[in-house]
Amino acid sequence: MGGESVLNTIFNKASLYAGVVLTVVVGMAIRGDWLLVLVPFWKSREDPLTKHTEEITANSTWLEYFRLQNVGWYILASISFSMVSYYGLAGWLQWHYYIRRRDSVAEWKCQPTKFLTPENERHEIFMGSFNLLLGSIVGGSLAAYIMNGGRTQMYYHLDDYSYGYLVFSTVLLFLMQDAYAFYSHICFHYPLIYKHIHKHHHRYHSPTAFSATAFHPVEFLLLQAGLTLPIFFLPVYSGSFIMCVLYEYYYGMIDHSGVKMDAVWPWQPPSQFHDDHHKYLHVNFGLNLRIWDWMHDTLRKEDRVCSEEIIGGRGLQKKQVQ
C-alpha cells in the first residue's frame, strides 16, 4: 500500500508539471508569436562578422527595405506550429477536464453549474482560430524583422548591462505589460467600446481554454502589441523578455481554463479571480496582479451586486437593487 501511495504521489506531481508545460506551449502557440521566444537564442549565437548589417539601397526590394526577407517561411512556420498546438494541446485540456471529469465538476470547475452552450463553444473555437491566424502573421513578421537586422532595444549578452539593471528592467517590463493589460481592459469596458468590441469576449460567461484568444480581432491585436512593444524602447535582456512572455502566456491560459487553480506566487491571484470577471463582468480587471484593482477599487465585493448593466467596477449595494 505504501508503494502504491508513493506511485500515486509521483503520478499526480508529474501530471501537474506536465500540465504546466502543456499550458505554456499552448499559450505561446495561441498568441501566434512563439517564434519570438526562439529569436533571442538565434541572435545570441549570431556571429557579429556575419550578422545582417547590409544597408538599404535604391535597388533593395520592399521586403529588404522593411527587413522582412523570407517572411513567408516565418509566417508559415508560425501558423503550422500554432494550429497544431492550439487544437492538439488545448483540446487535450478540454478532454481532460470537461469530458473525462464531467461527473466531478464540483471538484475542479470555477462555475460548476454553468457551461458554454454548443453555439458558444463553436464560436469560441472559430474566433480563437481566426485570431490565431492573425497573431501568427504578426508574430512571424516580427520574428523575420528581428532576424534580418531590424532594430529593437533587446540585448542578448548579460555583460551588456549591469546585473542591477537586469533585475530592474525585468521587473519594469513585467509591470509595464501587466499595467497595459489592466488599463486597456478598463478602456474596453467603457459602454460604447464594450458593446461593439469587448462584448465578443464576454459572451463566454464560463470560459474554457479555447476562449483565451476568442476576442474581437482589434482587441486581440492590441493585446498582442502590448506584450511586444516594450522591446522597441526599453533595453531589456532577451532572457527577461522570454520569461515575462512565457509567464503572461501561461497565466493567460490558466485565467480562461475555468479550472480552479490556487496561486503559485505571492503576487498571483488564483484562477477564480479572472473567472469571476467573466461571471460578474465589470470587476477584477487585472490579469497577473491584484494591485491595479486594489488601487482603483475594482476588486469584486461579495456584499455588492454586479451585472453587465452595472458598470464602474464597484457594483451596487444589494439594497439598491432590491
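The values are calculated or read from the model by the stated rules, or taken from the named source; none is laboratory data. Model, not experiment: these values are computed from the prediction. No Cβ is skipped: glycine too gets one built from the backbone with ideal geometry, and neighbour counts run over all protein chains shown.
Answer with yes or no whether Ser129 is touching a residue at least 12 places away in the same chain (Cβ under 8 Å), of a type in the set (Ser, Thr, Tyr) and surrounded by 20 or more Cβ atoms within 10 Å (Cβ to Cβ).
In short, no.
Say we look at the range 251-283 and pick out the residues that are in a loop (DSSP other than H, G, I, E, B) and touching a residue at least 40 places away in the same chain (Cβ under 8 Å); which of these is farthest from Lys114 (Cα to Cα)?
Result: His282.
Do the conditions hold for Glu107, that is, is it among the acidic types (Asp, Glu), assigned to a helix (DSSP H, G or I) and within 20 Å of the chain's Cα centre (by Cα)?
no
Can you find a residue in the range 103-111 that is closer than 18 Å to Ala214 by Cβ and surrounded by 17 or more Cβ atoms within 10 Å (Cβ to Cβ)?
Checking the range 103-111: at least one residue is closer than 18 Å to Ala214 by Cβ and surrounded by 17 or more Cβ atoms within 10 Å (Cβ to Cβ).
Report whether or not Tyr145 is over 30 Å from His205 (Cβ atoms) and touching a Lys or Arg at 6+ places or on another chain (Cβ under 7 Å).
Here the answer is yes, as Tyr145 does meet what is asked.
Read through the list (1) modelled with pLDDT of 85 or more; (2) crowded, with 19+ Cβ neighbours inside 10 Å; (3) over 23 Å from Tyr194 (Cβ atoms), then give the number of the only condition that Pro235 fails.
All conditions are met except number (2).
Is there a residue being modelled with pLDDT under 85 and either among the aliphatic types (A, V, I, L, M) or out of contact with any helix residue (DSSP H, G or I) (no Cβ under 9 Å at 6 or more places or on another chain) (or both) anywhere in the range 90-99?
Yes, that holds for at least one residue.
Among the residues of the range 201-223, what is the count of those that are outside any loop (DSSP other than H, G, I, E, B), buried (at least 21 other Cβ atoms within 10 Å of the Cβ) and in contact (Cβ under 8 Å) with a residue 24 or more places away in the chain?
7
Would you be able to tell me the number of residues in the range 224-237 that are in contact with a helix residue (DSSP H, G or I) (Cβ under 7 Å, 6 or more places away or on another chain) and among the aliphatic types (A, V, I, L, M)?
Residues in the range 224-237 being in contact with a helix residue (DSSP H, G or I) (Cβ under 7 Å, 6 or more places away or on another chain) and among the aliphatic types (A, V, I, L, M): 4 in total.
Looking at (1) surrounded by fewer than 19 Cβ atoms within 10 Å (Cβ to Cβ); (2) at pLDDT 90 or above; (3) not in a helix (DSSP H, G or I), can you tell me which one Gly150 breaks?
Condition (2) is where Gly150 drops out.
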